[in-house]
1. Do we find that PHE66 is surrounded by 15 or more Cβ atoms within 10 Å (Cβ to Cβ) and either at positive phi or in contact with a Gly (Cβ under 7 Å, 6 or more places away or on another chain) (or both) in this structure?
2. Applying the selection to the range 36-78, what residues are assigned to a loop (DSSP other than H, G, I, E, B), among the basic types (Lys, Arg) and out of contact with any strand residue (DSSP E or B) (no Cβ under 8 Å at 6 or more places or on another chain)?
3. Does ASP16 satisfy the criteria of being within 30 Å of GLY132 (Cβ to Cβ) and either surrounded by 12 or more Cβ atoms within 10 Å (Cβ to Cβ) or among the β-branched types (Val, Ile, Thr) (or both)?
4. How many of the residues making up the range 118-169 are of a type in the set (Phe, Trp, Tyr), more than 20 Å from MET42 (Cα to Cα) and either touching a Gly at 6+ places or on another chain (Cβ under 9 Å) or in a loop (DSSP other than H, G, I, E, B) (or both)?
5. So is GLY105 surrounded by fewer than 19 Cβ atoms within 10 Å (Cβ to Cβ) and at positive phi or not?
6. Limited to the range 115-136, what total is found for residues that are of a type outside the set (Lys, Arg) and within 21 Å of PHE33 (Cα to Cα)?
7. Restricting the search to the range 8-23, which residues are in a helix (DSSP H, G or I) and either modelled with pLDDT of 90 or more or of a type in the set (Val, Ile, Thr) (or both)?
8. Being buried (at least 16 other Cβ atoms within 10 Å of the Cβ), touching a Phe, Trp or Tyr at 6+ places or on another chain (Cβ under 7 Å) and at pLDDT 95 or above narrows it down to one residue among LEU137, LEU162, LEU131, LEU149; which is it?
Amino acid sequence: MLYIASSLDGFIAGPDEDLSWLPWDDEIDFESFTSTVGTVAMGRKTYDFSRSQGEWPMPDKDTYVFTRQPGYEVTTPRTWVADRPPADWVADIRAKSDEVIWLMGGGSLAQEFLEHDLVDRIELGTVPILLGGGAPLFAPLSEYKRFRLRESKALKKTGIILATYQRDT
């Protein structure tokens, strides 16, 4: 499952990886969401950003960092560098548990998971701001990937639209 926020014009980070535009909204029940997650997959940049924010936000979750940087080391509890391609990694995780795998951040990592049909659900928060550039939500794919809307909700305070899409097979 991909759980991610995007600007109206489809960026997950502004120029120079700026995330200052992301608002916090008390209507988003992040604790309830994370309680459903068994394992977290994230890209290196997302990991580096999360680690730089102070206390590690998921000390009770097994977290795997996907990176192409040789010798990269992780320093947080229950965190490992993913040492195999996403399809093999997902198969290994699924062999142990059917809990939710949260694909957290990273447009290129999301593209790789989508390309291999490893994303069954997308939970997208669309923030009402136009950034005009930055890191795109999705990179080009080799074929169409169809999803259907399961539910949506508009948040009153920030105007964020939360939408849940299910993979159409």
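The values are calculated or read from the model by the stated rules, or taken from the named source; none is laboratory data. These numbers come from a predicted model, not from an experiment. Cβ sites come from the backbone with ideal geometry, for glycine too, and all protein chains shown count toward neighbours.
1. On the way: surrounded by 15 or more Cβ atoms within 10 Å (Cβ to Cβ): yes; either at positive phi or in contact with a Gly (Cβ under 7 Å, 6 or more places away or on another chain) (or both): yes.
Yes: the conditions hold for PHE66.
2. Going residue by residue through the range 36-78, those that are assigned to a loop (DSSP other than H, G, I, E, B) are 36, 53-61, 67-78.
Pick out the ones that are also among the basic types (Lys, Arg) and you get 61, 68, 78.
Answer for the range 36-78, where residues must be assigned to a loop (DSSP other than H, G, I, E, B), among the basic types (Lys, Arg) and out of contact with any strand residue (DSSP E or B) (no Cβ under 8 Å at 6 or more places or on another chain): just ARG68.
3. Details: within 30 Å of GLY132 (Cβ to Cβ): yes; either surrounded by 12 or more Cβ atoms within 10 Å (Cβ to Cβ) or among the β-branched types (Val, Ile, Thr) (or both): no.
Judged against the criteria, ASP16 is not a match.
4. Of the residues in that region, 1 qualify.
5. On the way: surrounded by fewer than 19 Cβ atoms within 10 Å (Cβ to Cβ): no; at positive phi: yes.
No, not satisfied.
6. Start the filter on the range 115-136 by keeping residues that are of a type outside the set (Lys, Arg), which leaves 115-120, 122-136.
Narrowing the set further to residues that are within 21 Å of PHE33 (Cα to Cα) leaves 118-120, 122-127.
Result for the range 115-136: 9.
7. Looking only at the range 8-23, we keep the residues that are in a helix (DSSP H, G or I), and these are 15-17.
Hits for the range 8-23 are PRO15, ASP16.
8. Details: LEU137 fails: at pLDDT 95 or above; LEU162 fails: touching a Phe, Trp or Tyr at 6+ places or on another chain (Cβ under 7 Å); LEU149 fails: buried (at least 16 other Cβ atoms within 10 Å of the Cβ).
Result of the check over LEU137, LEU162, LEU131, LEU149: LEU131.
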